[in-house]
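Remarks on the structure that follows.
The values are calculated or read from the model by the stated rules, or taken from the named source; none is laboratory data. On a predicted model such as this, the values are computed, not experimentally measured, just so you know. Please note: Cβ atoms are built from the backbone with ideal geometry, for glycine as well, and neighbour counts cover all protein chains shown.
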Amino acid sequence: MSRFSVAVLFAALLCAHVGDASRLLTGFSAGFEPNQSAPFGLKLQGSGKGFAMIPSSSDNAATGQSGATVTVTQPGSALWHVQLSSAPTRLTAGKFYTLRYSAKSSAASSMQVALVSDATWKEFFAEQPKTTPSFATRTTVDLTPPASGSYLLNFDMGLAPVNTTFAFDDIMICEQSKQLNTAPNSNANSNNPKGQDPAGVLRTDTSTGFEKDAPLLFRAQVTPPAEASVNMQLQSSAAASTGASGAAVTVNTPSDQPWHVQLAGPAVPLDASKSYTVQISLRQFGSSNLNKGNVLQVNWVQPEVWIPTALSSIQPTASYTTYTLPAMSPPSSGLFYLTVDMGSVAAGTTLYFDDIRVFEA
């Protein structure tokens, strides 16, 4: 069987698993085989420099004869300064999609994988997986865009160490015939049963239940020159999931960046040799906005650097849900603070938060 046939068969099997096999989105999908078109190319921006080989050798293939490689010859000052980027491809609001890809790097590193509006450059999905010299395959289901339009699938490597080579294979997005999970769309594990905490020790210095008799560790902030207009109440009885109070944030006028409106925790020391798991309970209030695809971003940020170290996305629903985000290890030991970014939600959206907890293992 030819490699092209194998690629088509593999894509069909994947799409058959998640929905309709005829709905492989070719603008987002590539096996990077010889004589097979690949709708991905290298983008260099800012101070980032690098080169790509598409296709590359069999050493850089997860399956078949070849994959694609990107070598970062000079890191930039932002993740997106070195990108492997897809062709603009249309996604439809209200439909659900599965993303799958295989990746590795010549040395331990990390990158950002994001689906970005081609018109506004806003992300509706982003994750920052760690990479190693061995291929790992990641699959995310039930991705749904906030609006119909043209989107790009970007693999951002601009902050990788100099001369790091990333290899990619079997990138594909399929349109599902239905939503697969009843839990909200997120790259977090939702509906965590009570009593089943993540592994590790609770970090009380950056965990809060927003109770009135406890230290108020988290603060709500609007970052200038943001145009956002918000109402915030950090110890609200109406916002409680457990205990007597939670936090309520109403975004009256959204901004153009999620980080312009944040819940932000204190700067605390994290250890590069350990992993950290965030658990958060939240709900979305306001019936007129429940179907507008609001997406929140949860980040670890270094003070004075302001570059997210780990980014997860959550799409809240009308019911309180507890989300357990993927564990992360910081690239180096130092101070970090946790943020929940909500500056780009629909106008008039109220978000209730409770029981933000961090576990160290």
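Residue under question is Ser150, and the condition is that it be surrounded by fewer than 20 Cβ atoms within 10 Å (Cβ to Cβ), of a type in the set (S, T, N, Q), in the same structural domain as Phe96 (by TED's automatic domain parsing) and within 14 Å of Ala93 (Cβ to Cβ); does it hold? Here the answer is yes, as Ser150 does meet what is asked.
Would you point out the residue of segment 212-232, among those that are surrounded by fewer than 17 Cβ atoms within 10 Å (Cβ to Cβ) and farther than 22 Å from Ala267 by Cβ, that is modelled with the lowest pLDDT? Only one residue tops the list, namely Pro225. Among the residues making up segment 311-329, those that are assigned to a strand (DSSP E or B), more than 21 Å from Ala361 (Cβ to Cβ) and of a type in the set (Ser, Thr, Tyr) are Ser313, Thr321. For Ser150, the conditions (1) closer than 17 Å to Ser313 by Cα; (2) small (Gly, Ala, Ser); (3) part of a strand (DSSP E or B) all hold with the exception of (1).
Within the span defined as segment 52-75, one or more residues are without any contact (Cβ under 8 Å) to a residue 60 or more places away in the chain, in a strand (DSSP E or B) and surrounded by fewer than 21 Cβ atoms within 10 Å (Cβ to Cβ).
All conditions in (1) surrounded by 17 or more Cβ atoms within 10 Å (Cβ to Cβ); (2) closer than 25 Å to Glu175 by Cβ; (3) β-branched (Val, Ile, Thr) hold for Thr92, with the sole exception of (1).
Residues that are over 14 Å from the mean Cα position of the chain (by Cα) and more than 17 Å from Pro266 (Cα to Cα) occur at least once in segment 301-316. In segment 103-117, the residues that are within 15 Å of Pro326 (Cα to Cα) form Cβ pairs under 8 Å with partners that are of a type in the set (Lys, Arg), at six or more places apart or across chains, as follows: Ser110/Lys130; Val113/Arg138.
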